[in-house]
Amino acid sequence: MSGGRSHGVQPFLNAIAGIVRALQNERHMRFHFAAALVVIVIGAWLRVKAHDWLWLSVAITGVWVSELFNTAIERTVDLASPDIHPLAKAAKDTAAGAVLVAALFAVVVGAIVLGPPLWKACFQ
Ligand SMILES: Nc1ncnc2c1ncn2[C@@H]1O[C@H](COP(=O)(O)OP(=O)(O)OP(=O)(O)O)[C@@H](O)[C@H]1O
C-alpha cells in the first residue's frame, strides 16, 4: 500500500483534512466545536488567569481528542463489521464512553473555573 504513504507536509494536511471531515460529517463534533468557542469567549470576557486557561484548554483538548478517536473507531467498526455484532456494539459503546468521561471532566473544569466569576459578573 505504498500509494497511501506520504511525506513532507502531506501527513499534516491529511490530519487537518481528517479534522475538517469530522466537523463536516459528525454532529457531535460540531457541538464540541461550538461549546469550545463559547467557553473561549466567556473565558476572555471574564479575563480568566493563565493557569485557568491551562485547565480549560486541557478540558477542550480532551473532548476533541476523544471525539476524533470515537469517530475513527466508529468508521473502522462500520468498515469491519457492517452487520450487527456484539463486539461491534462493545467497541462503539466503549469509544462513546471515552467521550462521556472527557465531557464530564470538561463540565467539572468549566464549573470550577468559570462558575464563580460568571456568577459574580451576572448576579453581583
Ligand atoms: N454493527 C453494530 N453492531 C451492534 N451494535 C451497533 C453496531 N453499530 C452501532 N451499534 C450500536 O448503535 C449505537 C449507535 O451507533 P452509531 O454508529 O449510529 O453511532 P452514534 O453513536 O449514533 O454516532 P454518530 O451519530 O456519530 O454516527 C452504538 O453505540 C452501538 O451501541
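The values are calculated or read from the model by the stated rules, or taken from the named source; none is laboratory data. These figures come from a predicted structure and were not determined experimentally. Don't worry about glycine lacking a Cβ; one is built from the backbone with ideal geometry, like all the others, and counts go over all protein chains shown. In case anyone asks, the SASA skips ligands and DNA or RNA and just uses the protein heavy atoms, side chains included. Shrake-Rupley method; radii C 1.70, N 1.55, O 1.52, S 1.80 Å.
To the nearest 10 square angstrom, how much accessible area does Phe105 have with a 1.4 angstrom probe?
Looks like 90 Å² after rounding.
If packing is taken as the average number of other Cβ atoms within 10 Å across a peptide's residues, how do 90-97, 7-14 rank, most packed first?
Result, highest mean Cβ count within 10 Å first: 90-97, 7-14.
Mind checking the full-extension length gain between Glu74 and Ala50? Use 0.36 nm per residue of separation minus the Cα-Cα distance, one decimal, nm.
Value of the extension gain: 5.1 nm.
As a check on your grasp of the helix formula, calculate [θ] at 222 nm for the chain: sum -39500 (n - 2.57) over DSSP H runs of n ≥ 4, divide by the residue count, round to the nearest 500.
Helices in the chain give a 222 nm mean residue ellipticity of -30000 deg cm²/dmol.
Along the charge dipole of the chain, which of Gln10, Trp64, Ala36 sits closest to the positive end, that is, farthest toward it, with unit charges on the beta carbon of Lys, Arg, Asp and Glu (+1, +1, -1, -1)?
So the residue we want is Ala36.
What percentage of the solvent-accessible surface of the chain, computed with a 1.4 Å probe over protein heavy atoms, is contributed by carbon and sulfur atoms?
72 percent
Below 8 Å between Cα atoms, with a sequence gap of 6+, how large is the relative contact order for the chain in percent?
Result for the chain is 30 percent.
Rounded to the nearest whole Å², what accessible area per residue is found for the chain with the 1.4 Å probe?
72 Å²
Give me the extension gain from Asp83 to Ala111: residue separation times 0.36 nm, minus the current Cα-Cα distance, reported in nm with one decimal.
6.0 nm
To the nearest Å, what is the center-to-center distance of the stretch 83-124 and the stretch 7-81, using C-alpha atoms only?
13 Å
Residues in the stretch 75-90 near a label at Leu100, defined as backbone nitrogen under 14 Å from the 7 Å Cα→Cβ point?
90
Which helices, taking whole DSSP H runs in the chain, have alpha carbons extending 15 angstrom or more along the helix axis plus mean Kyte-Doolittle at least 1.0?
Counting only whole DSSP H runs, the qualifying helices are 27-45, 86-123.
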